[in-house]
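Asks: One structure is given below, represented as C-alpha cells, and several questions about it will come after.
No lab work stands behind these numbers, since they all come straight from the coordinates. The model shown is predicted, which means the values in this text are computed figures rather than measured ones. Virtual Cβ from ideal backbone geometry, glycine too; neighbours counted across all protein chains shown.
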Amino acid sequence: MSATGLPYWLPGVPPKRSKWGRRVGLMLMVVVLAAGSLLVGAIIGRTPVQLNEALDPVPPRPSDSASDREWENYVGPAALALLKRQSEALLKGDEKGWLAPYDADDKDLIKEQRDRYASLRNLQVTNWQYRIDGTPDARSKTGGVHKFDIDLVVGYCFGASDPKACLPTDVYLPTKWEVGADGPHITGVDESPANQAGPRPFEVSDLVAESGDRVIVAAPPQYKNRLSQAVDVAEKAAENADKYARWQKVDRYVVFLAGEKEFSQWYGTGDIGQNVVGFALPLGSMSEKGVWQQTGIEVVMHVERLGNREEFTSTMRHEFGHVVTLLGSADVQPQPEDFFLNEGIAEYIDYGDGPVSRYPRLSNVTDYLSRSSWNGSLEGVKKTDDGLTGSAKYGIAFMAVKYLIDTYGQDKFFEFYQKVGREGEAADGVSSATFGESWTNVQKKIEDYVRSSA
C-alpha cells in the first residue's frame, strides 16, 4: 500500500495467455503502474465540514458590505442546506429537486446535470452525502451578486443492500456558486481531478445499466447491447469470488464497460496503452478522524479489446478476485511480496484449484525459464520485460500461491496474506509464525515447485 492508503500499484488485468506476446505482460502492468501514480492521492486533504452541520440553523444573510469572512461563514451552511435537499431529491427520484440548486438560465449546465441525474439513478444510487472540503472561497462581488468557489466532497454508494450500513466512497467536486437576491445557486461543476481518481464515469459519461443479485454493470449507451451478457458473466464471477470473502462480503460488485474514449478518460488514467484491457481501482473516503479508509473497488473493462467471451470471463473473474481480497485493506507500507500475493491470488480465483499442468500460462512459464536465468524471485513485471516475461511472472505468481495453498491450506495462506498483503507486515516474521519456517526456506520450495512443474 502507499502512504495514502491506496495500493501503490493499480491491480491489473491478467496479461493475455496466447503466444502473441505484444499485448501481454509488462506493458500492461507497468503502464498501469505509471497511471497508478496519478491515482494514489485520492484523499481529501483538509478537515471536512460534515453534512450534519447543514442541520444547524443557517446564519442570517450578511449585508452586501460585510467582509468576505462573514459571507464565507454564511454561504457554507446555506449551500449545505440546499445540497441536503438536493441529495434527498436524488434518492427519491425527484429530478426537479435535483436540478433546483443549479442556475436555471444556464441550459448547458442544466442538461449536464439532468444527464448526471439519469446516470446516477441508473446506477441505483443509494447514498449521496455532501460535505465541504475546507471553507468556501470568496471570489468577487458585483452588483449585489457574491461569487464563491466551494470544494465539495460527495460520499456515494451504488446498489447498497443496506444504505445505512454502507461506507460511502468519496468523489471530489469543485463547484462555483453565486449568491444574489434569490439566494445561493450553483453556476458551475468541474470534473474531479486526476489526483483524486477523477473524473468518475458518471461525471463525464451518460450511463445505462443492468443489474443482477450481486452486480451492477454500467456502460455508455453505445454498449447497451453488451450489458445483458456482461451481467451474466459478472454474476457467475461474483458467485465464484464470494467463496474467497475472508474479510468482508462484497455488497455489490460495480463494473463499468468502456470503449477507447472512456478508458482513457475515467479515473484520470490517461493513455495507459493498448495492452490494458481492464483494471480494478480501490477507492475510499476520509473517516471522521481524518484517516483514509478503503470503502469500495470499481472495475473497468475495455469491451473493444476483449475479443471473446472466454477472455471477457477470465478478466472479470480475475478482477473480482482483486475486489474480494483487497476490499477494506489497511493503509500500510508496500511489501516486496505484494505483486505475487495479489496477482497470484487473483489468478487462483480465476483458474481455481485444478491441476497446474492445465494452467493456461504454464507454457509461458516454461518458455521463460528456458530462456532466462530466473533466480526464484517473485518480483512483478518491469518496464523492460517483454510480453512473454510479463505473462510468465503472472504465471509464477499463480504457481506460488497454489503451492502455498496446496502445502499449507487455504486458512494458513490467507493468514499469511492478511498479515503481509493487507496489513503490510514483513514476510519473514509472518512466515515463521504461519508456516513454521523462514520465508527464505518457503521461497526456495516455491522455486523448486515452479521449476519441477514447468
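Asks: What fraction of the DSSP beta bridges in the range 48-193 is antiparallel, stated in percent and rounded to the nearest 5?
Replies: Numbers: 31 of 32 bridges.
Antiparallel: roughly 95 percent of the beta bridges in the range 48-193.
Asks: While we're looking at this one, here's another question. With 10 angstrom as the radius, rank Met316, Met286 by how many other C-beta atoms surround their C-beta, starting from the fewest. Please list the in-between numbers first.
Replies: Values: Met316 29, Met286 21.
Lowest to highest Cβ neighbour count: Met286, Met316.
Asks: What translational diffusion coefficient, in µm²/s and rounded to a whole number, does the Stokes-Einstein relation yield for the chain at 20 °C and a viscosity of 1.002 mPa s, taking the hydrodynamic radius as the Kirkwood radius over Cα pairs? Walk me through the intermediate numbers first.
Replies: Numbers: Rh = 23.3 Å.
Rounded, D is 92 µm²/s.
Asks: Provide the per-residue ³J(HN,Hα) series for the range 416-429, in order, calculated from phi with Karplus coefficients 6.51, -1.76, 1.60 and θ = phi - 60°, each as a whole number of Hz, with x at glycine and proline positions.
Replies: 5, 4, 4, 6, 8, x, 9, 10, x, 7, 5, 5, 4, x
Asks: What translational diffusion coefficient, in µm²/s and rounded to a whole number, does the Stokes-Einstein relation yield for the range 180-231 at 37 °C and a viscosity of 0.692 mPa s, taking the hydrodynamic radius as the Kirkwood radius over Cα pairs?
Replies: On the way: Rh = 13.7 Å.
Translational D for this selection: 240 µm²/s.
Asks: When the helix-only estimate is applied to the chain (DSSP H runs of n ≥ 4, each -39,500 (n - 2.57), divided by the residue count), what is the mean residue ellipticity at 222 nm, nearest 500 deg cm²/dmol? Write down the numbers at each step before the final one.
Replies: Values: 14 runs with 182 residues, N = 454.
Value at 222 nm, helices only: -12500 deg cm²/dmol.
Asks: Considering the zone a paramagnetic label at Val291 would reach in this model (a point 7 Å from Cα along the Cα-to-Cβ line), which residues of the range 154-198 have amide N under 18 Å from it?
Replies: It comes to 167-170, nothing else.
Asks: When you have a sec, figure out the Kirkwood radius of the range 328-440 from all distinct Cα pair distances and drop it here in Å to one decimal?
Replies: In the range 328-440 this quantity evaluates to 14.6 Å.
Asks: Pairing the Cα long axis of helix 439-453 with the longest principal axis of the chain, what angle in degrees results, from 0 to 90 and rounded to the nearest 10?
Replies: 70 degrees
Asks: Taking 0.36 nm per residue of separation and subtracting the Cα-Cα distance, what length does fully extending Glu88 through Glu437 add? Kindly include the intermediate steps, with their values, before the conclusion.
Replies: On the way: separation 349, 0.36 × 349 = 125.64 nm, distance 5.63 nm.
My answer for the length gained is 120.0 nm.
Asks: Then there is this: Taking the alpha-carbon set of the range 387-454, what are its Rg and Dmax in Å?
Replies: 12.2, 37
Asks: In terms of modelled amide H atoms, which long-range or inter-chain residues lie less than 5 Å from the amide H of Gly159?
Replies: Val125, Thr126
Asks: Moving on to the next point. In whole Hz and in residue order, list the ³J(HN,Hα) couplings for the range 86-96 that follow from phi through the Karplus curve 6.51 cos²θ - 1.76 cosθ + 1.60, θ = phi - 60°; x for Gly and Pro.
Replies: 5, 5, 5, 5, 4, 6, 9, x, 9, 4, 4
Asks: Tilt of helix 26-39 relative to the longest C-alpha principal axis of the chain, in degrees (0 to 90, nearest 10)?
Replies: Once rounded, the angle reads 30 degrees.
Asks: By how many nm would the segment from Ser363 to Gln333 grow when fully extended, if each residue of separation counts as 0.36 nm and the alpha-carbon distance is taken off? The partial results should precede the final answer.
Replies: Numbers: separation 30, 0.36 × 30 = 10.80 nm, distance 3.40 nm.
Stretched out fully, the Ser363 to Gln333 stretch lengthens by 7.4 nm.
Asks: Report Rg(Cα)/(2.2 N^0.38 Å) for the range 54-199, keeping two decimals.
Replies: With N residues counted in the range 54-199, Rg over 2.2 N^0.38 Å equals 1.06.
Asks: Using alpha carbons only, how many degrees (0 to 90, rounded to 10) separate the axis of helix 107-122 from the longest principal axis of the chain?
Replies: Long axis of 107-122 versus the principal axis of the chain: about 50 degrees.
Asks: For the range 186-203 and the range 231-287, what is the separation of their Cα centres, given in Å?
Replies: Taking the Cα centre of each part, the range 186-203 and the range 231-287 sit 19 Å apart.
Asks: Taking 0.36 nm per intervening residue step and subtracting the Cα-Cα distance, what contour gain separates Thr384 from Glu260 on full extension?
Replies: Details: separation 124, 0.36 × 124 = 44.64 nm, distance 2.54 nm.
Residue separation times 0.36 nm, minus the Cα-Cα distance, leaves 42.1 nm.
Asks: Whose amide H sits under 5 Å from the amide H of Gly188, counting only residues 5 or more places off or on another chain, with H placed in the peptide plane?
Replies: Lys176
Asks: Could you tell me what a quarter of the Cα convex hull surface of the range 123-221 works out to, in nm² with one decimal place? Could you put the intermediate results ahead of the total?
Replies: Values: hull surface 33.1 nm².
Spelled out: convex hull of the Cα atoms, projected over all directions, averaged, 8.3 nm².
Asks: While we're looking at this one, here's another question. Taking R0 as 60 Å, what's the FRET efficiency between Asp182 and Asp406 from their Cβ-Cβ distance, rounded to 0.05? Each step should come with its number before you reach the end.
Replies: Working: r = 70 Å, r/R0 = 1.16.
According to the calculation, E is roughly 0.30.
Asks: A further question follows. In whole Hz, with x marking every Gly and Pro, tabulate ³J(HN,Hα) for the range 156-163 from phi via Karplus 6.51 cos²θ - 1.76 cosθ + 1.60, θ = phi - 60°.
Replies: Here the 3J(HN,Hα) series is 10, 9, 10, x, 5, 5, 9, x Hz.
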